[in-house]
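The values are calculated or read from the model by the stated rules, or taken from the named source; none is laboratory data. If you're wondering where the values come from, they're calculated on a predicted model, not measured in any experiment. Note: ideal-geometry Cβ built from the backbone for every residue, glycine included; neighbour counts use all protein chains shown.
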Amino acid sequence: MTAYPDTSFLCATYRRQDNSAAADAYRMRLHEPLHATELLQFEFLQSIRLQVWLHAHDKKKGYSQAEADQMIDDWRADLAKGIIEIVPYDASAVARLAEHFSSSHTVGTGNRTLDILHVATAVHLGAQAFLTFDPRQRSLANSAGLLTPL
């Protein structure tokens, strides 16, 4: 596995954002499917659904149900085409790595739970790079020995 993404990378891939050009350019250079886990897929889909809820309560926030539906349809189409591949992982091994990263970094860096879990997953899966637009997560990934090319 070359690279493992986080949700910020996936959101920039499936919805036009400031970081979309960088995400698209990186994906064009990949010579393998983009790997994800069931946990990452859940967080990504949940983040889309949360944006719909935000939009329903304040039209200046989030995005419409139609836009969310398109993002989810595009994600599922990429899964079916093999552009995205859901890979298995050992949840216990990831939890142990995550606890190590938490105990050694969170007090100083303020990393969030899922961010730590995604970095631990990338390390566990043997990824060389971690794809994120989140500065704190990038710092954690670098300290874990992962490249952050974005």
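Set side by side, the residues Asp115, Asp78 differ, and just one is in contact (Cβ under 8 Å) with a residue 60 or more places away in the chain, among the charged types (D, E, K, R), under 24 Å from Gln17 (Cβ atoms) and crowded, with 16+ Cβ neighbours inside 10 Å, which is Asp115.
Considering the conditions (1) among the aliphatic types (A, V, I, L, M); (2) over 23 Å from Gly145 (Cβ atoms); (3) under 11 Å from the mean Cα position of the chain (by Cα), Leu39 is excluded by exactly one of them, (2).
Residue check: Ser102 meets all listed conditions (1) surrounded by 16 or more Cβ atoms within 10 Å (Cβ to Cβ); (2) over 21 Å from Ala127 (Cα atoms) but one, namely (2). Just for region 15-47: of the residues that are under 20 Å from Pro88 (Cα atoms), surrounded by fewer than 16 Cβ atoms within 10 Å (Cβ to Cβ) and among the acidic types (Asp, Glu), which one is modelled with the highest pLDDT? Per the criteria, the residue is Glu38. With the structure loaded, tell me whether Leu50 is touching a strand residue (DSSP E or B) at 6+ places or on another chain (Cβ under 8 Å), of a type in the set (A, V, I, L, M, F, W, C), surrounded by fewer than 16 Cβ atoms within 10 Å (Cβ to Cβ) and in contact (Cβ under 8 Å) with a residue 12 or more places away in the chain or whether it fails that test. Criteria not met by Leu50.
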